[in-house]
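The values are calculated or read from the model by the stated rules, or taken from the named source; none is laboratory data. Quantities reported herein were computed from a predicted structural model and do not represent experimental measurements. FYI the Cβ positions are ideal-geometry reconstructions off the backbone, even for glycines, and counts take in every protein chain you see.
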Amino acid sequence: SSNTDFLLAIEDLTVSFDGFKAIAGLSFYMDKNELRVVIGPNGAGKTTLLDLICGKTRATEGSIKFKGKELTRMSEHRIVWEGVGRKFQNPSIYEGLTVFDNLEASYPRGRGVFGALAFKCDEEVVERIRQVAREIQLDDKLEQEAGLLSHGQKQWLEIGMLLIQDPELLLLDEPVAGMSLSERLETAELLKTIAKGRSVVVIEHDMAFVKSLGGKVTVLHQGKILAEGSMEALQQDRRVIDVYLGH
Ligand code: ADP
């Protein structure tokens, strides 16, 4: 099979910051509807990898193909339009608005040249907001002010603000940071459901959470992939224990 069969095919990717290679000849492949966790020590290049995929940082060398299209020279806006959604560590919700209005504000109106013509009728937008609210388990909180949500619910709302744009690839940087144990467990279930219709990359440090997600884990170290496999297999891998799990 050729690399165009992958949803995401990253090959020989390098980015240098003043001569230091934060990503150093990395190749990384993802299928459709895959939930992938990326782990590794601080400074391994995890956040930089997501920055490169979403166009926030530009590669020095190499290629990032998404649905067969080269992303390395596309604008950040265009990459969003192509179907890549990125969540950063700190939620950027509108605390003074309701959950409904936060989702409404993120509804993708006006894409491309004919954007002005692409306004959807209100009913269609409302239905889509309800659907996303169910996915993030906030369908009973639509009229609540976002600032009054729990920390975990705010994180889910931000995921919802990405989902409403219907991304095919969702990039999440430490989505459970600061969450309670029950919120972490709920988030694992929520992400597994979300990944049934799209691919999700999760950077994570919480090994219990990584295990509850299941699926394939990629270990980054010094800007390269050190190992890939199930969390259970990686826990037996001497190289992974030495650079990360043993600490
Ligand atoms: P991780 O997310 O795995 O902790 P990062 O991707 O944040 O690692 O960082 C990888 C390395 O690249 C670190 O040594 C970091 O200091 C460096 N780095 C990241 N972004 C920049 C930047 N914009 N300028 C200079 N160095 C950077």
Going through the stretch 35-58 in order, the residues found to be buried (at least 21 other Cβ atoms within 10 Å of the Cβ) and among the small types (Gly, Ala, Ser) are Gly40, Ala44, Gly45, Gly55
Matching residues in the stretch 192-221 (within 16 Å of the ligand (Cβ to nearest atom), more than 14 Å from the chain's Cα centre (by Cα) and closer than 18 Å to Lys87 by Cα) number 3
Taking the stretch 207-221 and keeping only residues that are crowded, with 16+ Cβ neighbours inside 10 Å and farther than 14 Å from Arg36 by Cα, one is left with His221
Those residues of the stretch 35-65 that are within 12 Å of the ligand (Cβ to nearest atom), among the basic types (Lys, Arg) and over 15 Å from Val202 (Cβ atoms) come to a total of 2
Apart from one, (1) over 19 Å from Val84 (Cβ atoms); (2) in contact with a helix residue (DSSP H, G or I) (Cβ under 7 Å, 6 or more places away or on another chain) all hold for Lys224; the odd one out is (2)
Scanning the stretch 122-159 for residues that are in contact with a Gly (Cβ under 7 Å, 6 or more places away or on another chain) and small (Gly, Ala, Ser), the one surrounded by the most Cβ atoms within 10 Å (Cβ to Cβ) turns out to be Ala133
Taking first residues from the stretch 41-70 that are under 14 Å from Phe28 (Cβ atoms) and second residues anywhere that are within 11 Å of the ligand (Cβ to nearest atom) and part of a helix (DSSP H, G or I), the pairs with Cβ under 8 Å that are 6 or more apart or on different chains are Ala59/Leu52; Ile64/Leu52
Condition set within 18 Å of Gly85 (Cα to Cα) and among the basic types (Lys, Arg), scope the stretch 103-149, selection modelled with the lowest pLDDT: answer is Arg111
The correct count of residues that are touching a Leu at 6+ places or on another chain (Cβ under 6 Å) and at positive phi in the stretch 27-70 is 3
Among residues of the stretch 17-34 being within 9 Å of the ligand (Cβ to nearest atom) and either surrounded by fewer than 19 Cβ atoms within 10 Å (Cβ to Cβ) or not aliphatic (A, V, I, L, M) (or both), the residue farthest from Gly229 (Cα to Cα) is Asp18
Glu11 vs (1) acidic (Asp, Glu); (2) without any contact (Cβ under 8 Å) to a residue 24 or more places away in the chain; (3) away from the ligand (no atom under 16 Å from the Cβ): all pass except (2)
Boolean, Leu171 is under 24 Å from Glu82 (Cβ atoms) and touching a Cys at 6+ places or on another chain (Cβ under 8 Å): yes
